[in-house]
Amino acid sequence: MKTIGFLFILVLIISGATLFLEGRIPFLLFEHRLEQIGSQNFGIQAAPHEIVLPPPLRGSTESKPATLSHSGVFFWTNEQRKDNGLTVLKSSLALDAAAAAKLNDMFIHQYFAHVSATGLGVGDWAADQHYEFITIGENLALGNYKDDQALVQAWMDSPGHRANILNAKYQEIGIAAGQGMYEGRQTWLAVQIFGLPFSACPAVDSALYSEIQEQKTKLAAAAAILDAQYEELKKPAAKRDPEYSQRVQDYNAAAEAYNKTAAEIKAMVETYNTQVKEQQACLAEFDA
(Lines give C-alpha, C1' and ligand atoms only; values in the text may rest on other atoms or scores of the structure.)
Protein backbone atom coordinates (compact mmCIF):
# COMPACT_ATOMS: atom_id res chain seq x y z
CA MET A 1 0.00 0.00 0.00
CA LYS A 2 2.86 2.34 0.86
CA THR A 3 4.43 1.50 -2.49
CA ILE A 4 1.24 2.45 -4.33
CA GLY A 5 0.99 5.71 -2.42
CA PHE A 6 4.62 6.56 -3.16
CA LEU A 7 4.13 5.83 -6.86
CA PHE A 8 0.98 7.99 -6.92
CA ILE A 9 2.85 10.93 -5.38
CA LEU A 10 5.74 10.42 -7.78
CA VAL A 11 3.33 10.47 -10.74
CA LEU A 12 1.84 13.70 -9.44
CA ILE A 13 5.27 15.32 -9.11
CA ILE A 14 6.32 14.28 -12.61
CA SER A 15 2.96 15.31 -14.05
CA GLY A 16 3.21 18.68 -12.34
CA ALA A 17 6.65 19.35 -13.80
CA THR A 18 5.47 18.29 -17.21
CA LEU A 19 2.36 20.46 -17.08
CA PHE A 20 4.36 23.46 -15.97
CA LEU A 21 6.61 22.98 -18.97
CA GLU A 22 3.93 22.08 -21.47
CA GLY A 23 1.67 24.94 -20.45
CA ARG A 24 4.43 27.32 -21.57
CA ILE A 25 2.28 30.22 -20.42
CA PRO A 26 5.25 32.28 -19.23
CA PHE A 27 7.17 31.85 -22.48
CA LEU A 28 4.14 32.47 -24.67
CA LEU A 29 3.58 35.69 -22.78
CA PHE A 30 7.21 36.65 -23.32
CA GLU A 31 6.90 36.00 -27.05
CA HIS A 32 3.75 38.12 -27.21
CA ARG A 33 5.53 41.00 -25.49
CA LEU A 34 8.34 40.77 -28.00
CA GLU A 35 5.85 41.11 -30.84
CA GLN A 36 4.35 44.19 -29.17
CA ILE A 37 7.76 45.78 -28.83
CA GLY A 38 8.49 45.11 -32.49
CA SER A 39 5.28 46.82 -33.58
CA GLN A 40 6.07 50.18 -32.01
CA ASN A 41 6.43 53.09 -34.42
CA PHE A 42 9.76 54.83 -34.12
CA GLY A 43 10.34 58.23 -35.69
CA ILE A 44 12.70 61.17 -35.28
CA GLN A 45 12.24 64.63 -36.80
CA ALA A 46 9.28 63.63 -38.94
CA ALA A 47 8.08 67.13 -39.83
CA PRO A 48 9.10 68.70 -43.16
CA HIS A 49 11.09 71.93 -43.21
CA GLU A 50 9.46 75.19 -44.24
CA ILE A 51 11.48 77.74 -46.25
CA VAL A 52 10.20 81.27 -46.92
CA LEU A 53 11.84 83.21 -49.76
CA PRO A 54 10.34 86.52 -50.94
CA PRO A 55 11.83 87.92 -54.20
CA PRO A 56 15.14 89.75 -53.58
CA LEU A 57 14.76 93.51 -53.06
CA ARG A 58 16.67 95.83 -55.41
CA GLY A 59 17.24 99.42 -54.41
CA SER A 60 19.17 102.28 -55.98
CA THR A 61 22.83 101.65 -56.70
CA GLU A 62 23.61 105.35 -57.02
CA SER A 63 26.66 106.17 -54.94
CA LYS A 64 25.77 107.43 -51.43
CA PRO A 65 27.85 107.83 -48.26
CA ALA A 66 25.96 104.97 -46.63
CA THR A 67 27.09 102.46 -44.04
CA LEU A 68 25.10 99.39 -43.10
CA SER A 69 25.82 97.38 -39.96
CA HIS A 70 24.84 94.13 -38.31
CA SER A 71 23.88 95.86 -35.08
CA GLY A 72 21.76 98.49 -36.83
CA VAL A 73 19.81 96.02 -38.97
CA PHE A 74 19.30 93.83 -35.90
CA PHE A 75 18.02 96.77 -33.83
CA TRP A 76 15.57 98.14 -36.42
CA THR A 77 14.28 94.69 -37.30
CA ASN A 78 13.38 94.05 -33.68
CA GLU A 79 11.88 97.53 -33.36
CA GLN A 80 9.47 96.61 -36.14
CA ARG A 81 8.56 93.39 -34.36
CA LYS A 82 7.99 95.20 -31.06
CA ASP A 83 5.82 97.79 -32.77
CA ASN A 84 3.68 94.93 -34.06
CA GLY A 85 3.36 93.14 -30.72
CA LEU A 86 5.83 90.34 -31.49
CA THR A 87 8.67 88.94 -29.43
CA VAL A 88 12.12 90.14 -30.42
CA LEU A 89 14.47 87.85 -32.32
CA LYS A 90 17.62 86.48 -30.74
CA SER A 91 20.91 86.83 -32.57
CA SER A 92 22.24 83.46 -33.79
CA LEU A 93 25.96 83.02 -34.40
CA ALA A 94 25.23 80.08 -36.73
CA LEU A 95 22.78 82.12 -38.81
CA ASP A 96 25.18 85.10 -38.80
CA ALA A 97 27.83 82.82 -40.28
CA ALA A 98 25.35 81.44 -42.84
CA ALA A 99 24.32 84.98 -43.85
CA ALA A 100 27.95 86.06 -44.19
CA ALA A 101 28.76 83.03 -46.34
CA LYS A 102 25.78 83.79 -48.61
CA LEU A 103 26.78 87.46 -48.88
CA ASN A 104 30.35 86.61 -49.87
CA ASP A 105 29.17 84.01 -52.37
CA MET A 106 26.93 86.54 -54.11
CA PHE A 107 29.81 89.00 -54.49
CA ILE A 108 32.27 86.34 -55.62
CA HIS A 109 29.96 84.71 -58.17
CA GLN A 110 28.07 87.88 -59.11
CA TYR A 111 24.47 86.84 -58.58
CA PHE A 112 21.60 88.26 -56.56
CA ALA A 113 19.15 85.46 -55.84
CA HIS A 114 18.06 83.03 -53.15
CA VAL A 115 19.61 80.11 -55.02
CA SER A 116 23.17 80.16 -56.32
CA ALA A 117 24.30 78.94 -59.74
CA THR A 118 25.40 75.70 -58.06
CA GLY A 119 21.97 75.21 -56.49
CA LEU A 120 22.75 76.28 -52.94
CA GLY A 121 19.90 77.85 -50.99
CA VAL A 122 19.38 79.22 -47.50
CA GLY A 123 18.82 75.72 -46.10
CA ASP A 124 22.24 74.68 -47.40
CA TRP A 125 24.00 77.69 -45.87
CA ALA A 126 22.29 76.94 -42.56
CA ALA A 127 23.19 73.25 -42.76
CA ASP A 128 26.84 74.16 -43.33
CA GLN A 129 26.70 75.80 -39.89
CA HIS A 130 24.97 72.73 -38.37
CA TYR A 131 21.80 74.74 -37.84
CA GLU A 132 18.77 72.44 -37.68
CA PHE A 133 15.50 74.23 -38.29
CA ILE A 134 11.77 73.80 -38.43
CA THR A 135 11.21 77.00 -40.41
CA ILE A 136 13.75 79.26 -42.09
CA GLY A 137 13.41 82.39 -44.21
CA GLU A 138 15.70 84.76 -46.08
CA ASN A 139 15.49 88.43 -47.02
CA LEU A 140 17.95 89.86 -49.54
CA ALA A 141 18.58 93.49 -50.46
CA LEU A 142 20.87 95.21 -52.94
CA GLY A 143 21.46 98.95 -53.06
CA ASN A 144 23.03 101.95 -51.39
CA TYR A 145 20.46 102.64 -48.72
CA LYS A 146 20.76 105.74 -46.53
CA ASP A 147 21.27 103.73 -43.33
CA ASP A 148 20.16 100.60 -41.44
CA GLN A 149 16.74 102.04 -40.64
CA ALA A 150 16.12 102.89 -44.31
CA LEU A 151 17.10 99.35 -45.35
CA VAL A 152 14.76 97.72 -42.84
CA GLN A 153 11.99 100.12 -43.83
CA ALA A 154 12.47 99.17 -47.48
CA TRP A 155 12.00 95.53 -46.53
CA MET A 156 8.92 96.49 -44.50
CA ASP A 157 7.46 98.27 -47.53
CA SER A 158 7.69 95.02 -49.51
CA PRO A 159 4.88 92.56 -48.55
CA GLY A 160 6.95 89.39 -48.77
CA HIS A 161 9.90 90.76 -46.81
CA ARG A 162 7.57 92.35 -44.26
CA ALA A 163 5.92 88.95 -43.73
CA ASN A 164 9.32 87.45 -42.96
CA ILE A 165 10.24 90.20 -40.48
CA LEU A 166 6.85 89.88 -38.75
CA ASN A 167 6.60 86.09 -38.86
CA ALA A 168 5.64 85.07 -35.30
CA LYS A 169 7.18 81.61 -35.76
CA TYR A 170 10.74 82.88 -35.98
CA GLN A 171 12.87 83.00 -32.84
CA GLU A 172 16.35 83.76 -34.19
CA ILE A 173 18.03 85.84 -36.85
CA GLY A 174 21.36 86.04 -38.66
CA ILE A 175 22.49 89.18 -40.46
CA ALA A 176 25.23 90.17 -42.88
CA ALA A 177 25.77 93.45 -44.71
CA GLY A 178 28.74 94.33 -46.86
CA GLN A 179 29.92 96.59 -49.67
CA GLY A 180 31.65 95.43 -52.84
CA MET A 181 31.63 95.42 -56.63
CA TYR A 182 28.47 94.09 -58.21
CA GLU A 183 27.75 94.44 -61.92
CA GLY A 184 30.57 96.97 -62.20
CA ARG A 185 29.32 99.25 -59.40
CA GLN A 186 30.27 99.68 -55.77
CA THR A 187 27.15 98.70 -53.85
CA TRP A 188 25.84 97.14 -50.66
CA LEU A 189 24.33 93.70 -50.28
CA ALA A 190 22.40 92.70 -47.17
CA VAL A 191 21.15 89.31 -45.98
CA GLN A 192 18.70 88.43 -43.23
CA ILE A 193 18.19 84.77 -42.32
CA PHE A 194 15.32 84.04 -39.95
CA GLY A 195 15.06 80.74 -38.13
CA LEU A 196 12.87 78.64 -35.91
CA PRO A 197 15.42 76.13 -34.56
CA PHE A 198 14.58 72.48 -34.15
CA SER A 199 15.53 72.89 -30.49
CA ALA A 200 12.31 74.88 -30.02
CA CYS A 201 10.55 71.51 -29.70
CA PRO A 202 11.26 68.78 -27.13
CA ALA A 203 14.19 66.58 -28.07
CA VAL A 204 14.01 62.89 -28.90
CA ASP A 205 16.76 60.80 -27.34
CA SER A 206 18.55 59.19 -30.29
CA ALA A 207 20.83 57.31 -27.87
CA LEU A 208 17.76 55.69 -26.32
CA TYR A 209 16.59 54.66 -29.79
CA SER A 210 19.95 52.99 -30.48
CA GLU A 211 19.83 51.22 -27.11
CA ILE A 212 16.33 49.89 -27.84
CA GLN A 213 17.43 48.51 -31.20
CA GLU A 214 20.50 46.87 -29.64
CA GLN A 215 18.46 45.29 -26.84
CA LYS A 216 15.80 44.08 -29.29
CA THR A 217 18.50 42.30 -31.29
CA LYS A 218 19.80 40.60 -28.14
CA LEU A 219 16.27 39.67 -27.09
CA ALA A 220 15.55 38.10 -30.47
CA ALA A 221 18.69 35.97 -30.11
CA ALA A 222 17.59 34.91 -26.61
CA ALA A 223 14.14 34.03 -27.97
CA ALA A 224 15.67 31.77 -30.60
CA ILE A 225 17.65 29.90 -27.93
CA LEU A 226 14.56 29.52 -25.72
CA ASP A 227 12.54 28.25 -28.66
CA ALA A 228 15.15 25.60 -29.38
CA GLN A 229 15.30 24.57 -25.70
CA TYR A 230 11.53 24.35 -25.52
CA GLU A 231 11.30 22.14 -28.60
CA GLU A 232 13.89 19.80 -27.08
CA LEU A 233 12.08 19.62 -23.75
CA LYS A 234 8.80 18.75 -25.53
CA LYS A 235 10.23 15.57 -27.01
CA PRO A 236 9.10 12.39 -25.21
CA ALA A 237 12.67 11.13 -24.99
CA ALA A 238 13.69 14.26 -23.08
CA LYS A 239 11.43 13.34 -20.16
CA ARG A 240 13.42 10.17 -19.60
CA ASP A 241 16.58 12.20 -19.10
CA PRO A 242 17.68 12.08 -15.41
CA GLU A 243 18.48 15.79 -15.72
CA TYR A 244 15.05 16.61 -17.12
CA SER A 245 13.82 18.31 -13.97
CA GLN A 246 16.94 20.51 -13.79
CA ARG A 247 16.63 21.37 -17.47
CA VAL A 248 13.02 22.45 -16.90
CA GLN A 249 14.14 24.66 -14.02
CA ASP A 250 16.92 26.16 -16.12
CA TYR A 251 14.50 26.79 -18.97
CA ASN A 252 11.98 28.53 -16.72
CA ALA A 253 14.71 30.64 -15.11
CA ALA A 254 15.92 31.72 -18.54
CA ALA A 255 12.33 32.45 -19.57
CA GLU A 256 11.86 34.59 -16.46
CA ALA A 257 15.02 36.56 -17.25
CA TYR A 258 13.77 37.00 -20.82
CA ASN A 259 10.48 38.34 -19.52
CA LYS A 260 12.23 40.83 -17.27
CA THR A 261 14.37 42.11 -20.16
CA ALA A 262 11.33 42.33 -22.45
CA ALA A 263 9.49 44.40 -19.83
CA GLU A 264 12.48 46.74 -19.52
CA ILE A 265 12.64 47.20 -23.30
CA LYS A 266 8.92 47.83 -23.46
CA ALA A 267 9.30 50.59 -20.84
CA MET A 268 12.13 52.11 -22.88
CA VAL A 269 9.96 52.01 -26.00
CA GLU A 270 7.11 53.73 -24.18
CA THR A 271 9.47 56.46 -22.97
CA TYR A 272 10.88 56.95 -26.46
CA ASN A 273 7.49 57.04 -28.14
CA THR A 274 6.25 59.57 -25.58
CA GLN A 275 9.18 61.79 -26.58
CA VAL A 276 8.30 61.37 -30.27
CA LYS A 277 4.64 62.24 -29.65
CA GLU A 278 5.58 65.36 -27.67
CA GLN A 279 7.95 66.49 -30.40
CA GLN A 280 5.42 65.85 -33.16
CA ALA A 281 2.71 67.71 -31.23
CA CYS A 282 5.07 70.70 -30.91
CA LEU A 283 5.93 70.59 -34.60
CA ALA A 284 2.24 70.45 -35.48
CA GLU A 285 1.65 73.63 -33.48
CA PHE A 286 4.29 75.49 -35.47
CA ASP A 287 2.88 74.07 -38.68
CA ALA A 288 -0.59 75.45 -37.93
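The values are calculated or read from the model by the stated rules, or taken from the named source; none is laboratory data. Quick caveat: nothing in here was measured; it's all calculated off a predicted structure. Cβ placement follows ideal geometry from the backbone for every residue including glycine, while neighbour counts extend to all protein chains displayed. Accessible surface is based on the protein model in full, side chains and every heavy atom, while ligands, DNA and RNA are left aside. Shrake-Rupley method; radii C 1.70, N 1.55, O 1.52, S 1.80 Å.
Here are some notes:
- Counting only protein heavy atoms and a probe of 1.4 Å, the accessible surface of the range 146-273 is 52% carbon and sulfur.
- For the range 189-274, the Kirkwood radius over C-alpha pairs fed into Stokes-Einstein at 4 °C and 1.567 mPa s yields D = 78 µm² per second.
- FRET efficiency for the ASP128 to GLU264 pair, using the beta carbon distance and R₀ = 30 Å, is estimated at 0.15.
- Excluding ligands, DNA and RNA, the accessible surface per residue across the range 218-288 is 59 Å² with a 1.4 Å probe.
- When nucleic acids and ligands are ignored and a 1.4 Å probe is applied, LYS260 ends up with an accessible area of around 130 Å².
- Each label point was placed 7 Å from the Cα along the Cα-to-Cβ direction; for GLU256 and ASP83 their separation is 7.5 nm.
- When each of LYS218/LYS266; LYS90/LYS146; LYS90/LYS169 is checked by Cα-Cα distance, pairs over 20 Å: LYS90/LYS146
- Virtual spin-label span in nm between SER210 and ARG185, 7 Å along Cα→Cβ: 5.4
- Potential lengthening between PHE107 and ARG162 on full extension [0.36 nm per residue; Cα-Cα distance subtracted]: 17.3 nm
- Dipole in debye (nearest 20) - the range 132-288, about Cα centre, beta carbon charges: Lys, Arg +1; Asp, Glu -1: 360
- Per-residue SASA remark: THR87, around 100 Å² accessible (1.4 Å probe; ligands, DNA and RNA not included).
- Against the criterion of solvent-accessible heavy-atom surface with a 1.4 angstrom probe, THR118, THR274, THR261 sort, most first, into THR118, THR274, THR261.
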